[in-house]
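First the structure, in the form of structure tokens, and then the observations on it.
Computed from the coordinates by the stated procedures, all read-outs in this text should not be read as laboratory data. These figures come from a predicted structure and were not determined experimentally. Cβ: placed from backbone, ideal geometry, glycine included. Neighbour counts: every protein chain shown.
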Amino acid sequence: MFGECVGPDSRFTIEVDQSFGNCPQYIQVRRPAWRRPPESFRDSRAVVPIGARLDGEARAILARADTLFIASASAAARGHAGPEGVDVSHRGGKPGFVKVRERGGASVLVLPDFRGNFLFNTLGNITVHPRAGLVVPDFATGDVLQLTGRAEIVWDGEELASFAGAERLLVITLDAGLRHPDALPFTWSAPEPARQLADTGAWSS
């Protein structure tokens with residue numbers, strides 16, 4: 001897929017090279033509305049570096065989060081044969097579904113992985129290229145949390161059993177992070193919870 005700018009009015013075209021269906025499970029419905037003119041965000045507050053250990057504000061964002069996006073790369077990113085590409089997928093749950101641990105001077109995020117579309121794009125990528133990037137929007141404040149780190153999959157064990165409905169866990173040891181204050185130009189309606197959340201637990205970070 002690529003985009004091409006075609007004029008001063010910022011229109012662009014997209015050509016699809018590969019596509020696959022994704023499911024709406026665990027996605028909370030929200031309706032956006034402009035909270036101030038888009039051009040005013042050129043003067044938004046400076047980006048805040050976090051490092052490998054989360055600060056208090058980043059932890060608070062994760063504690064409120066019911067939605068995040070995870071990026072992973074294919075085997076070709078490590079020089080293996082096969083289709084190249086990256087994948088960005090949604091992860092969601094009740095607020096607090098991401099747990100935060102500390103290990104070896106770094107924050108460690110534990111995410112439940114629920115039943116999805118069975119394409120295993122993210123899990124397959126992490127198996128051969130154990131890196132991941134996360135984007136966590138804070139719908140209440142407009143802040144955005146951007147994190148990168150080393151990823152692993154946990155298939156069984158006591159902690160997995162503590163996440164009702166989870167089939168496995170994603171564990172991400174942070175390398176670095178950024179907090180983008182006031183980055184989202186919208187205000188959002190109260191979420192309409194996905195029906196699948198009724199089968200999951202409620203956890204705090």
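Brief remarks follow.
- Built amide H within the under 5 Å cut-off of Asp182, gap 5+: Asp143, Val144
- Computed about its Cα centre, the charge dipole of the range 114-194 is approximately 240 debye, with only Lys, Arg, Asp and Glu carrying charge at their Cβ.
- Karplus (6.51, -1.76, 1.60) ³J(HN,Hα), θ = phi - 60°, over the range 134-146, in Hz, Gly and Pro reported as x: 10, 10, 10, x, 9, 5, 7, 10, x, 6, 10, 9, 10
- Multiplying the residue separation of Phe12 and Asp156 by 0.36 nm and removing their Cα-Cα distance gives an extension gain of 47.3 nm.
- Rounded D (µm²/s) - the range 24-199, Kirkwood Rh over Cα pairs, Stokes-Einstein at 4 °C, 1.567 mPa s: 76
- Sorting the segments 132-138, 188-194 by their residues' average number of neighbouring beta-carbon atoms within 10 angstrom, most packed first, yields 132-138, 188-194.
- Cleavage-rule hits, trypsin sites (Lys or Arg not before Pro), the range 97-205, DSSP coil, Cβ neighbours within 10 Å at most 13: Arg115
- Net charge dipole size for the range 24-199 [Lys, Arg +1 and Asp, Glu -1 on Cβ; Debye, nearest 20]: 260
- Theoretical gain in end-to-end length, Val88 to Asp175 [0.36 nm per residue, Cα-Cα removed]: 29.4 nm
- Most positive-pole-ward Cα, Trp155, Val128, Phe114, against dipole of the range 95-205 from beta carbon charges: Val128
- Spacing of the two label points (7 Å from each Cα toward its C-beta) at Arg31 and Ser189, in nm: 0.3
- Residues whose amide H lies under 5 Å from that of Gln28, counting only those 5 or more places away or on a different chain, are Ala194; hydrogens are built 1.01 Å from N in the peptide plane.
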